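Undergrad: Please see the structure below; I have some questions.
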Amino acid sequence: MAVKLTIPRPTSRADERDTMFARMARMVGTEQHRDYYSRHPELKKKDDLIRSMPPLLSREGFAYDEALFSDAEHLFADIPQIEIDSALLDVQFRWLQSCDTPVKRARILKRIARKLGAVSVGIAPLLPAFIYSHKGRHDEDYGKPIELDHSSVMVFLVEMDHGKMQRAPLAESIHESATQYHHAARIATHLQALLSRAGHGAKAHYDAHYDVILPPLAVHAGLGELGRNNILIAPRYGARVRIGAVSTSLELPCDQPTSYGVDAFCTVCGKCAKTCPPRALTKGKKSTILGVKKWPTKVESCYTYWRRMGTDCGVCMAVCPFSHKNSPLHNSVRALICHTTLFNKLLVRLDDLVYGRSWKPGKR
């Protein structure tokens, strides 16, 4: 049985302008570029160098695949234009209106999310520590303070295909990322529309449109733990998930953060760090970042490799022992890890023996 997890909170709110994607969105010659690097001159040289490289999904990327890159680009571009199925929304609105208690509302909202394709759903309190302080991804709202007065957040996971992720860091991995980011955005947009129609404040959070930091909120919602790669590790899907969320003013009962044995296993495993192509993940101990102990990631090294490949890599997700296919054997091992740390070192050795210590993309 999984046990309750105690999670330290950051000492200050993170600024979205400091994220790697926001930094890469700053174009030389713009006011936003001048403002950011006047405050962070130590980052300007390295960021401008990375920015000069071919972008993701470019023909110059080492993993270029015309069909898969083109389709992935279309999926990412379509995310802000996702349309709601109004007929389905009508039916689900009546379901929600029939619920007369917070517990029933939470139950029906989770059921709706699963019907839309989520594989796991949880609810967490929307703690200020996990709301970005300022917007930074897009020039039009760069630097705008974020004030989100919602009380709770529904967090959900969509599964990434195991076979496609075995092709990481090649084109299949970013195509699967685009597919599931689009899927998560569709679910979040639909839930936002449903809650808004019911008269509640709601905000969908999905790729390139985040006001909140999803991985720690997913942990607070009981959906997994952060791994050495600083990606959410879900108990049945490992790192092969993408996260979506909808924050809301509707009062909902929250789930409990839960330990699945991930942190203890990552401490002795380190396979993601050993196989990371640009060596962006640490093999060592945790560091304190914004008051929270976590394994550091060299984000510049990670993202530079992405630009060289033209993909978002995904090796650390694919190689994670928790990311193996769902099967009676693998699920039994996950349950064992959840219950005890006694066999972790042995299980790491067995994983190396069966799946190899190094990484190379699997066959198509």
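Undergrad: In a solvent-free Debye calculation with one equal scatterer on each Cα, what is log10 I(q)/I(0) for region 290-351 at q = 0.15, 0.18, 0.29 Å⁻¹, listed in the order of the q values?
TA: -0.71, -0.86, -1.19
Undergrad: Just the accessible area per residue of region 38-137, please: how many Å² with a 1.4 Å probe?
TA: Heavy-atom SASA per residue in region 38-137 reads 56 Å².
Undergrad: Something else now. Just how much of Thr341 is accessible, in Å², when a 1.4 Å probe is used and the result is rounded to the nearest 10?
TA: Answer for Thr341: close to 90 Å² accessible.
Undergrad: Pop the C-beta distance of Ser38 and Asp141 into the FRET formula with R0 = 25 Å and round what comes out to the nearest 0.05. Numbers along the way, then the final one.
TA: Details: r = 19 Å, r/R0 = 0.77.
Step by step, r from the Cβ atoms, then E = 0.85.
Undergrad: Given Cα pairs under 8 Å that are at least 6 residues apart, what percent is the relative contact order of region 210-364? Don't skip to the answer; put the middle values down first.
TA: On the way: 202 pairs, mean separation 41.4, N = 155.
For region 210-364, the relative contact order is 27 percent.
Undergrad: Can you check what the Kirkwood hydrodynamic radius comes to for region 229-268, Cα pairs only, in Å to one decimal? Before the final figure, lay out each step's value.
TA: Values: mean 1/r = 0.0792 Å⁻¹.
After inverting the pairwise mean of 1/r, the radius is 12.6 Å.
Undergrad: Express the carbon and sulfur contribution to the solvent-accessible surface of region 210-364 as a percent, rounded to the nearest whole number, probe 1.4 angstrom. Show your work: numbers first, answer last.
TA: Numbers: 4130 of 6990 Å².
The C+S portion of the solvent-accessible surface of region 210-364 is 59 percent.
Undergrad: Divide the volume of the convex hull of the Cα atoms of region 81-230 by its number of residues and quote the answer in cubic angstrom per residue.
TA: Numbers: hull volume 21.0 nm³, N = 150.
Hull volume over Cα atoms, normalised by residue count, gives 140 Å³.
Undergrad: Output the Cα-based Rg and Dmax of region 132-186 in Å, rounding Rg to one decimal and Dmax to a whole number.
TA: Using the Cα atoms of region 132-186, the pair Rg, Dmax is 16.0, 42 Å.
Undergrad: Still on this structure: Just how large is the dipole of the chain about the Cα centre, in debye to the nearest 20, putting +1 at every Lys and Arg Cβ and -1 at every Asp and Glu Cβ?
TA: Values: 52 positive and 37 negative charges, 319 e Å.
So the magnitude is around 1540 debye.
Undergrad: Principal axis lengths of region 64-137 from Cα atoms, whole Å, largest first?
TA: 52, 36, 21
Undergrad: Could you give the longest part of the chain that holds none of the chymotrypsin sites (Phe, Trp or Tyr not before Pro) found in DSSP loops with at most 16 neighbouring Cβ atoms within 10 Å? Walk me through the intermediate numbers first.
TA: Values: sites that count: Phe62, Phe343.
After excluding every exposed loop site, the longest remaining stretch is 63-342.
Undergrad: Moving on. Tell me the per residue accessible area of region 229-289 using a 1.4 Å probe; a whole number in Å² is fine. Could you put the intermediate results ahead of the total?
TA: Details: 2280 Å² over 61 residues.
On a per-residue basis, 37 Å².
Undergrad: If you take the Cα Rg of region 197-247 and divide it by 2.2 N^0.38 Å, with N the number of residues, what do you get?
TA: Details: Rg = 12.3 Å, N = 51, 2.2 N^0.38 = 9.8 Å.
After normalising by residue count via 2.2 N^0.38 Å, the value is 1.26.
Undergrad: Taking the Cα centre of region 20-150 as origin and charging only Cβ (+1 Lys, Arg; -1 Asp, Glu), how large is the dipole, in debye to the nearest 20? Each step should come with its number before you reach the end.
TA: Values: 20 positive and 20 negative charges, 148 e Å.
Computed about the Cα centre, the dipole is about 700 debye.
Undergrad: If you project the alpha carbons of the chain onto their three principal axes, what span does each projection cover, largest first, in Å?
TA: So the three principal-axis extents are 56, 54, 44 Å.
Undergrad: May I ask you to give the percent of accessible area on region 1-117 that is carbon plus sulfur, with a probe radius of 1.4 Å? Before the final figure, lay out the partial values.
TA: On the way: 4030 of 7280 Å².
Here it works out to 55 percent.
Undergrad: Counting only GluC sites (Glu not before Pro) that sit in a DSSP loop (anything but H, G, I, E, B) with at most 13 other Cβ atoms within 10 Å, what is the longest stretch of the chain containing none of them? Show your work: numbers first, answer last.
TA: Values: sites that count: Glu60, Glu83, Glu147, Glu251.
That would be 252-364.
Undergrad: Based on the alpha-carbon set only, what is the convex hull volume of region 155-242 divided per residue, in Å³?
TA: Working: hull volume 8.9 nm³, N = 88.
Value for region 155-242: 101 Å³ per residue.
Undergrad: Same structure, new question: Restricting to DSSP H runs of at least four residues, report the calculated mean residue ellipticity at 222 nm for the chain, -39500 (n - 2.57) per run over all residues, nearest 500 deg cm²/dmol.
TA: Dividing the helical sum by the residues of the chain leaves -12500 deg cm²/dmol.
Undergrad: Can you find, among Ala185, Gly291, Gly29, the residue sitting farthest towards the positive end of the charge dipole of the chain, where Lys and Arg contribute +1 and Asp and Glu -1 at Cβ?
TA: Gly291
The values are calculated or read from the model by the stated rules, or taken from the named source; none is laboratory data. Keep in mind the model is a prediction, meaning the values are calculated, not measured. Positions of Cβ are generated from backbone atoms using ideal geometry, with glycine treated the same way; all protein chains shown enter the neighbour counts. We work out accessible area using only protein heavy atoms, side chains counted, and drop any ligands, DNA or RNA first. Shrake-Rupley method; radii C 1.70, N 1.55, O 1.52, S 1.80 Å.
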